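Student: Following this message is one structure expressed as structure tokens.
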Amino acid sequence: MGKTNARFTVLVVDDSHTIRRSAEIFLSQAGYDVLLSEDGFDALSKVNDAMPDLIFCDILMPRLDGYQTVAIIKRSPRHASIPIVMLSSKDGVFDKARGKMVGAEAYLTKPFTKDQLLKAVQNYATADGVSQP
């Protein structure tokens, strides 16, 4: 059973207000529902309450970093199938490998463009049977 774009929910986890706001604007304009979290603890609560269809998660955050956040989400049988795209201002091989090790499906370097962000979402929206905007 596929969802419509209006019901495809994307959670953006980043401690940068600018990154969260940019992602919210880009995704909302494309017809996706958007949830925002500024740290890993808040993200865990939103994942549990809202069951997003896709998560973008920054690596470097205070309190609970992106690797820890992703590892916790992926350990939960209820949430393990949610695709997660790591966000980082570094484009390092080590960061990408570590992201894969904790369960992230992909990696997006910041700052990202609108097209890069929407392409990443469409990869998972299409896989979920969601029609494109």
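Student: Comparing D65, D53, D115, which has the greatest mean-square fluctuation in the GNM of the chain with Cα pairs linked when under 10 Å apart?
Tutor: Ranking D65, D53, D115 by mean-square fluctuation puts D115 first.
Student: Within the chain, how many Lys pairs sit with Cα atoms under 22 Å apart, leaving out pairs fewer than 8 places apart on the same chain?
Tutor: Counting lysine pairs in the chain gives 15.
Student: Within segment 1-84, report the trypsin sites (Lys or Arg not before Pro) that DSSP leaves as loop and that have at most 16 other Cβ atoms within 10 Å.
Tutor: Hits after loop and neighbour filter: K3, R63, R78.
Student: Quick check: from the Cα gyration tensor, does segment 5-126 come out rounded (a/c under 1.5), prolate or oblate?
Tutor: It comes out rounded by the Cα gyration axes.
Student: So, with +1 on the Cβ of K and R and -1 on the Cβ of D and E, and no other charges, what is the size of the charge dipole of the chain about its Cα centre, to the nearest 20 debye?
Tutor: Result for the chain is approximately 280 debye, rounded to the nearest 20.
Laboratory data are not the source of any read-out in this text; all were calculated from the coordinates shown. Worth saying up front: this structure is predicted, and the values here are computed from it rather than measured. No Cβ is skipped: glycine too gets one built from the backbone with ideal geometry, and neighbour counts run over all protein chains shown.
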